Protein chains: 2
Amino acid sequence: MPYLALTGGVGGAKLALGLSRLLSPDALRIVANTADDFVHLGLNISPDLDTVMYTLADISNKDLGWGLAEESWQFMEAMERLGGETWFRLGDRDLATHIYRSHWLAEGKQLDEITEDLCRKLGVRHSLFPMTNDRVSTRVNLKDGGQLSFQHYFVRDRCLPEVSGFEFAEIERAKASRPFLEALEEVTGAIIICPSNPFVSVAPLLQLPGVVERIRQSDIPVVAVSPIVGGQAIKGPAAKMMAELGMPRTALAVAAHYADCYGVRHQGGLFTHFVMDQQDIAQEAAVRQLGFKTRVTQTIMQTLEDRVELARQVLAFVD
Amino acid sequence: MPYLALTGGVGGAKLALGLSRLLSPDALRIVANTADDFVHLGLNISPDLDTVMYTLADISNKDLGWGLAEESWQFMEAMERLGGETWFRLGDRDLATHIYRSHWLAEGKQLDEITEDLCRKLGVRHSLFPMTNDRVSTRVNLKDGGQLSFQHYFVRDRCLPEVSGFEFAEIERAKASRPFLEALEEVTGAIIICPSNPFVSVAPLLQLPGVVERIRQSDIPVVAVSPIVGGQAIKGPAAKMMAELGMPRTALAVAAHYADCYGVRHQGGLFTHFVMDQQDIAQEAAVRQLGFKTRVTQTIMQTLEDRVELARQVLAFVD
């Protein structure tokens with residue numbers, strides 16, 4: 001199994017899709033962040049897993065950028081009439097995923113088994129799994145001293161509050177899922193960190209106990225793709241978070257953050273390669289200075305061809 | 001509070017609606033059977049409560065005869081793709097009710113509180129409540145020696161298996177809900193047994209510990225409306241059940257069953273009045289022989305006017 005991709009939601013899912021078009025199911029596995037998972041209206045919701053799953057199944061909603069294609073909102077309308085919470089939009093078709101998952105979790109199945117089952121039913125050929133079957137919950141620390149659960153911050157409050165940091169509750173006690181551990185064991189080509197949010201998507205994946213140690217022991221290349229292009233996040237609050245955390249909003253700062261937190265390989269750390277956009281070519285030398293091998297390319301993925309092309313570049317880079 | 005109506009689903013809900021058009025919220029309360037309630041796909045479903053609630057709120061689906069008006073089925077379609085159970089049809093709008101209820105039950109609220117809340121949100125002015133907050137489960141004993149849960153019998157197997165009897169699991173330990181007990185305390189006019197299935201809708205309502213005793217002590221008239229007209233049940237399997245249980249499929253047999261199980265008042269039992277359809281006028285004398293006061297009228301409720309007119313007849317009869 002040459003490649004393992006680590007991903008959050010929308011941005012990472014795009015590269016995962018590109019990779020899946022180039023690599024057979026034998027050659028690629030994908031692990032998704034689950035620290036955004038939460039229970040809402042009694043339903044177990046795994047936003048990142050579902051985004052990647054729907055993307056790989058080619059049933060994602062391209063207009064909305066999240067959720068399912070051909071979605072309808074009758075449930076939400078009825079829930080609104082009942083005065084229930086409607087800030088997290090649950091489509092009628094999407095609900096089947098959450099109810100199915102919640103039902104089987106309540107029956108004692110594990111999230112990785114249920115994810116495998118859902119993927120099979122939806123025609124996803126590549127192996128996609130959660131980073132852990134245990135509950136890990138991202139908490140967003142705010143500048144005003146408060147704390148929000150991730151989805152309250154991300155969806156309900158539309159990332160408006162200023163952040164001061166993040167915690168992943170229960171992560172010390174969480175165990176990487178069996179398929180994640182197996183993938184870490186069996187990967188021979190490279191580990192690909194998709195262009196996901198470094199603070200809330202990539203961090204929990206890497207902070208799960210034992211994950212970084214296993215990767216370092218394996219001596220497999222670890223390539224990260226910058227989610228920041230030209231000072232902006234293509235999707236999501238990464239750039240806004242960087243500003244609030246006192247970091248420059250640059251690809252270089254992402255690389256520096258990764259080097260700070262996890263180290264670069266030739267100094268005993270995790271990372272080996274860094275892919276950044278051609279808009280940020282002026283920062284390439286500085287990223288190299290940090291100890292990364294670098295590749296500058298087109299990283300904005302608007303079309304399917306863009307996704308496949310970036311995947312091709314990443315694979316060529318680490319090979 | 002002059003009147004208390006006891007009802008199951010569709011048939012009973014029609015008379016409850018008729019009564020609600022004649023009586024103010026101060027003058028009528030309605031208690032529904034909950035022995036058909038079940039957990040499906042992890043959701044707490046109360047079919048009779050919902051049928052009555054939707055009927056009183058004038059949002060019931062008149063084409064289907066169950067569920068909500070303007071319903072859609074995107075959830076079901078998506079669930080089918082996932083290979084989940086689809087024999088119990090859950091509409092997209094209807095799901096809001098079940099998810100809302102399940103969520104609040106899981107949060108520790110009681111079914112009667114949640115029902116009151118749902119009714120308020122949906123604009124139901126009359127007090128509607130469950131017979132109990134405890135779980136009671138109808139089990140259908142089959143002639144072939146097997147047993148089915150009620151919804152498996154009723155919905156999944158479309159009442160095809162031949163029945164030999166019914167059990168209401170846990171009913172001995174169930175407590176009548178607070179609003180049901182209060183209504184039994186405060187009723188001054190009559191208790192109206194709606195034209196619901198005597199075996200699976202009315203029986204659990206009356207077999208709840210203490211209910212029959214309280215009614216007998218109160219000396220309030222108890223009027224039953226026959227669900228059997230001209231040898232047929234207007235809706236549901238009552239007539240088929242009677243045949244399988246070795247009873248004639250007649251209004252008289254319904255009256256005889258009620259007299260057998262609960263007695264007539266002047267012999268120390270429960271029932272005082274019986275309303276039967278004009279098609280069954282030949283049986284009136286025999287019903288009277290059993291000890292009931294009788295009223296023969298048009299009991300088939302096709303239009304709203306029919307529902308109101310039957311309600312008017314029932315009220316005039318017991319006054």
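Here, each number is a calculation from the coordinates, and none is a lab measurement. Everything numeric in this text was worked out from a predicted model, so none of it was measured. Positions of Cβ are generated from backbone atoms using ideal geometry, with glycine treated the same way; all protein chains shown enter the neighbour counts.
Note on segment A:259-304: Rg/Rh from Cα positions, Kirkwood definition for Rh, rounded to two decimals, is 1.06.
Per-residue Karplus couplings for segment A:264-271, computed as 6.51 cos²θ - 1.76 cosθ + 1.60 with θ equal to phi - 60°, are listed in order as 9, 4, 5, 10, x, x, 8, 7 Hz, Gly and Pro entered as x. Summarising the rotation from chain B to chain A, the nearest chain B beta-carbon to the axis and its distance in Å are given as B:Asp92, 2. Computing FRET efficiency as 1/(1 + (r/R0)^6) for A:Glu80 and A:Asn141, where r is the C-beta to C-beta distance and R0 is 45 Å, gives about 0.90. Quick check: net charge around A:Ala69, other residues with Cβ under 15 Å of its Cβ, Lys/Arg +1 and Asp/Glu -1? Summing Lys/Arg as +1 and Asp/Glu as -1 gives -4. With runs of 4+ DSSP H residues as the only contributors, calculate the mean residue ellipticity of the protein assembly as shown at 222 nm using -39,500 (n - 2.57) per run, divided by the residue total and rounded to the nearest 500. -11000 deg cm²/dmol, from helical runs alone. Working note: Karplus 6.51/-1.76/1.60 with θ = phi - 60° gives segment B:200-214 the couplings 10, 10, 6, 3, x, 4, 8, 8, 4, x, x, 5, 4, 4, 5 Hz, where Gly and Pro are set to x.
Extending 7 Å from Cα along the Cβ direction at B:Asp157 and again at B:Leu22 yields two label points whose distance is 3.9 nm.
Can I get the semi-axes of chain B's equivalent ellipsoid? Compute them from the C-alpha gyration tensor as square roots of 5 times the eigenvalues, in angstrom, largest first. Please report the intermediate quantities before stating the final value.
Values: eigenvalues 173, 99, 74 Å².
Calculated on Cα positions only, the semi-axes equal 29, 22, 19 Å.
The string of couplings for segment B:25-39 from the Karplus curve (6.51, -1.76, 1.60, θ = phi - 60°) is x, 6, 9, 8, 10, 10, 10, 10, 4, 10, 6, 7, 4, 7, 9 Hz, one whole number per residue in order, with x for Gly and Pro. Once you sort the root eigenvalues of the Cα gyration tensor of segment B:1-126 as a ≥ b ≥ c, which label holds: rounded (a/c under 1.5), prolate (a/b larger than b/c) or oblate (the other case)? Taking the square roots of the gyration eigenvalues as a ≥ b ≥ c, segment B:1-126 is prolate. Starting from the label point of A:Gly230 at 7 Å along Cα→Cβ, the same points in the other copies fall at 7.6 nm, in ascending order.
Quick check for me: using +1 on Lys/Arg Cβ and -1 on Asp/Glu Cβ, what's the dipole size of segment A:3-318 about its Cα centre, in debye to the nearest 20?
Values: 31 positive and 39 negative charges, 113 e Å.
Magnitude of the dipole: close to 540 debye.
Computed over chain A with a Gaussian network model linking Cα atoms closer than 10 Å, the most mobile of A:Val223, A:Val212, A:Val200 is A:Val212. For the protein assembly as shown, rounded, prolate or oblate, judged on the Cα gyration tensor with a ≥ b ≥ c (square roots of eigenvalues), a/c < 1.5 rounded, else prolate if a/b > b/c? Prolate.
The ratio of the alpha-carbon radius of gyration of segment A:88-176 to the globular-protein estimate 2.2 N^0.38 Å is 1.31.
Note on segment A:160-298: Cα-only Rg and Dmax are 14.9, 42 Å.
Projecting 7 Å from Cα along the Cα-to-Cβ direction, the label point of A:Asp26 sits 8.1 nm from its equivalents in the other copies, listed shortest first. What percent antiparallel are the DSSP beta bridges of segment B:3-318, to the nearest 5? Antiparallel bridges make up about 40 percent of those DSSP assigns within segment B:3-318.
List the relative contact order of chain B as a percent without decimals, with contacts defined as Cα pairs under 8 Å and 6+ residues apart. Don't skip to the answer; put the middle values down first.
On the way: 632 pairs, mean separation 62.5, N = 319.
Contact order relative to length: 20 percent.
Label positions at A:Thr303 and B:Lys62, each projected 7 Å from the Cα along the C-beta direction, are separated by 5.3 nm.
Using only C-alpha atoms and all pairs of different ones, pull out the Kirkwood radius for segment B:1-48 in Å with one decimal. Across segment B:1-48, the inverse of the average 1/r is 11.8 Å.
Between the amide H of B:Ala69 and those of B:Ser60, B:Asn61, distances stay under 5 Å, these residues lying 5 or more places away or on another chain, with hydrogens modeled in the peptide plane.
Taking the DSSP bridge list for the protein assembly as shown and keeping only pairs wholly inside it, about 40 percent are antiparallel. Between A:Ala286 and A:Gln267, the contour length at 0.36 nm per residue exceeds the alpha carbon distance by 5.2 nm.
About the Cα centre of the protein assembly as shown, how large is the charge dipole given +1 on each Lys and Arg Cβ and -1 on each Asp and Glu Cβ? Please answer in debye to the nearest 20.
That gives the protein assembly as shown a dipole magnitude of about 0 debye.
Distances between copies at B:Glu172, taken between label points 7 Å from Cα along the C-beta direction, are 5.1 nm in increasing order. Averaging the Cα positions of each part gives two centres, and for segment B:127-152 and segment B:230-298 these lie 23 Å apart.
Computed over every Cα-Cα pair of segment A:191-266 and binned at 5 Å starting from 0, the pair-distance distribution P(r) comes out as 3, 16, 28, 26, 15, 9, 4, 0 percent.
Classify segment A:240-286 as rounded, prolate or oblate from the Cα gyration tensor: take a ≥ b ≥ c as the square roots of its eigenvalues, call it rounded if a/c is under 1.5, otherwise prolate when a/b beats b/c and oblate if not.
On the way: a/c = 2.71, a/b = 1.25, b/c = 2.18.
The shape class here is oblate.
Overall, segment B:1-153 carries a charge dipole of about 340 debye about its Cα centre when +1 sits on the Cβ of Lys and Arg and -1 on the Cβ of Asp and Glu, all other atoms neutral.
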